[in-house]
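The values are calculated or read from the model by the stated rules, or taken from the named source; none is laboratory data. Since the model is a prediction, treat every value here as computed from it, not as a measurement. Glycine also receives a Cβ, built like all others from the backbone with ideal geometry; neighbour counts cover every protein chain displayed.
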Amino acid sequence: MNTEFIPVSMPDLTGNEEKYVVDAIRSTWISSTGPYVERFEQEFSHMCNAEYAIPVSNGTVALHLALLALGIGSGDEVIVPSLTYIATANAVRYVGAEPVFVDVDKNTWCIDPLKLENAITPQTKAIIVVHLYGHPADMDSINHVARINGLAVVEDAAEALLAKYKGRLVGSLGRIATFSFYGNKVISSGEGGAVVLNDPDLAYRVRILRGQGMDPDRRYYFPVTGYNYRLTNLACAMLCAQLERAEDLVYRRRKIFASYSELLSNISGVGLQPIAAWAEISPWLYCITIDAAKYGHTREELMSYLLENRVETRPFFIPLHTLPPFRDCIILPEGLPITLMLSSQGINLPTYPSLSENQIFRITELIRMFQKQ
Ligand SMILES: *Cc1c(COP(=O)(O)O)cnc(C)c1O
């Protein structure tokens with residue numbers, strides 16, 4: 001048997017990535033200043049329909065800087081979903097604040113606006129919304145609760161570049177948004193991230209904190225303790241090439257999403273990702289849920305079967321409130337039933353721009369055949 005291995009994710013670097021990186025090397029601008037850094041800042045802010053886009057080392061430090069710039073610190077609480085990548089909650093701990101975990105909505109898989117109010121205390125300062133698996137959160141409802149309670153809204157848009165909520169792009173729907181350019185994200189520089197925002201004062205603080213706290217008007221004078229969270233001109237060279245094709249990359253991901261959805265639509269026990277009427281998703285990793293009673297096999301059995309047939313998958317995120325660093329965190333008495341259910345049933349299938357129709361067919365046929373066994 002010599003079947004080709006299908007990984008769960010793979011970056012697409014077939015445009016000007018190599019050319020621009022070679023250009024950056026030849027120019028000797030390899031650190032965090034240079035023409036590609038400036039170009040990326042302009043083009044990415046434009047793409048997100050925002051005033052400022054500040055490149056940073058990765059998506060995790062983008063969240064750290066966002067919380068620092070908002071002045072969140074020790075004794076504060078930040079509401080976050082539990083069904084997300086660990087970075088979302090880690091960033092809250094970095095500033096000395098405590099995450100408060102709220103369940104997701106079964107229709108969006110993003111934080112449930114109806115469950116926010118009960119989680120708010122006098123210590124609550126912000127809500128981090130995660131546009132999970134490329135689907136935007138219900139921002140109008142979330143912003144409404146935030147406004148009434150005087151909370152800042154941070155969008156963790158790491159998985160949702162170019163997704164739209166009621167026709168508006170994610171990244172411009174809260175006070176600050178963060179993106180990740182890790183290798184499995186929609187556009188990538190290997191490691192990388194960005195803080196995106198419209199408020200000039202907050203942008204000024206993000207920039208200072210990103211660059212060791214140096215005063216922009218007085219070189220080597222440091223009024224505050226900052227960090228070295230900058231991104232290199234080399235990484236920005238890759239990102240400039242990726243931006244040229246971002247719309248196309250998302251278009252191909254939408255095609256893949258549509259093919260999977262069609263081929264998996266009537267397999268008993270296989271559930272698909274719901275899409276709200278107001279959402280235009282930017283598919284990240286294609287999602288299915290397995291109802292073991294109806295499917296005849298557990299999620300784990302299906303994942304093993306796919307791997308035996310050389311198809312890599314990954315399970316949904318483990319609920320953060322069940323992990324050792326966050327087990328003692330506050331949760332509401334009703335618990336987080338939707339999060340627990342999705343986390344135990346969900347599988348991500350291979351999703352990347354060069355995945356072919358034949359490969360999608362091979363994967364979905366394996367899922368269909370295994371159901372009958
Ligand atoms: C990828 C990701 C991040 C940031 O990850 P980095 O690896 O630090 O770039 C943050 N939040 C979510 C939801 C993510 O998926």
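Taking (1) surrounded by fewer than 19 Cβ atoms within 10 Å (Cβ to Cβ); (2) over 19 Å from Ser282 (Cβ atoms); (3) touching a strand residue (DSSP E or B) at 6+ places or on another chain (Cβ under 9 Å) in turn, His46 satisfies each apart from (2). What number of residues within segment 233-276 are farther than 28 Å from Lys372 by Cα and over 21 Å from the mean Cα position of the chain (by Cα)? Number satisfying all stated conditions: 3. Inspect segment 215-230 for any residue being crowded, with 21+ Cβ neighbours inside 10 Å and closer than 21 Å to Lys185 by Cβ and give the result as yes or no. Yes, some residue in segment 215-230 is crowded, with 21+ Cβ neighbours inside 10 Å and closer than 21 Å to Lys185 by Cβ.
For every residue, the table says whether it meets (1) free of Cβ contacts under 8 Å to residues at least 24 places away in the same chain; (2) closer than 20 Å to Gly183 by Cα; (3) within 16 Å of the ligand (Cβ to nearest atom); (4) part of a loop (DSSP other than H, G, I, E, B).
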site	(1), (2), (3), (4)
Val37	no, yes, no, no
Thr60	no, yes, yes, no
Leu68	no, no, yes, no
Gly73	no, no, no, yes
Ala89	no, no, yes, no
Gly96	yes, no, no, yes
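Of the residues His46, His64, the single one that is part of a helix (DSSP H, G or I) and more than 16 Å from the ligand (Cβ to nearest atom) is His46.
Residues are listed down the side, and each one gets a yes or a no for (1) within 29 Å of Arg39 (Cα to Cα); (2) β-branched (Val, Ile, Thr); (3) buried (at least 16 other Cβ atoms within 10 Å of the Cβ):
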{"residue": "Arg253", "(1), (2), (3)": "yes, no, yes"}
{"residue": "Ala258", "(1), (2), (3)": "no, no, no"}
{"residue": "Asn266", "(1), (2), (3)": "no, no, no"}
{"residue": "Tyr295", "(1), (2), (3)": "no, no, yes"}
{"residue": "Ser304", "(1), (2), (3)": "no, no, no"}
{"residue": "Arg310", "(1), (2), (3)": "no, no, no"}
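Is it true that some residue in segment 209-232 is assigned to a helix (DSSP H, G or I), in contact (Cβ under 8 Å) with a residue 12 or more places away in the chain and more than 25 Å from Val22 (Cβ to Cβ)? For segment 209-232, residues assigned to a helix (DSSP H, G or I), in contact (Cβ under 8 Å) with a residue 12 or more places away in the chain and more than 25 Å from Val22 (Cβ to Cβ): present.
Condition test on Ser344, is it surrounded by fewer than 16 Cβ atoms within 10 Å (Cβ to Cβ) and polar (S, T, N, Q)? Criteria not met by Ser344.
Yes/no per residue for (1) free of Cβ contacts under 8 Å to residues at least 24 places away in the same chain; (2) not in a helix (DSSP H, G or I):
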{"site": "Trp284", "(1), (2)": "no, yes"}
{"site": "Phe317", "(1), (2)": "no, yes"}
{"site": "His321", "(1), (2)": "no, no"}
{"site": "Asp328", "(1), (2)": "yes, yes"}
{"site": "Ser344", "(1), (2)": "no, no"}
{"site": "Ile347", "(1), (2)": "no, yes"}
{"site": "Pro353", "(1), (2)": "no, yes"}
{"site": "Ile360", "(1), (2)": "no, no"}
{"site": "Ile363", "(1), (2)": "no, no"}
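The strands (runs of 3 or more DSSP E) found entirely in segment 120-199 that carry 2 or more residues being more than 13 Å from the ligand (Cβ to nearest atom) are 124-130, 152-156, 193-197. Here the condition is being of a type in the set (Asp, Glu) and either in the same structural domain as Lys185 (by TED's automatic domain parsing) or in contact with a strand residue (DSSP E or B) (Cβ under 7 Å, 6 or more places away or on another chain) (or both); of Glu308, Glu312, Glu301, Glu262, it holds for Glu312 alone.
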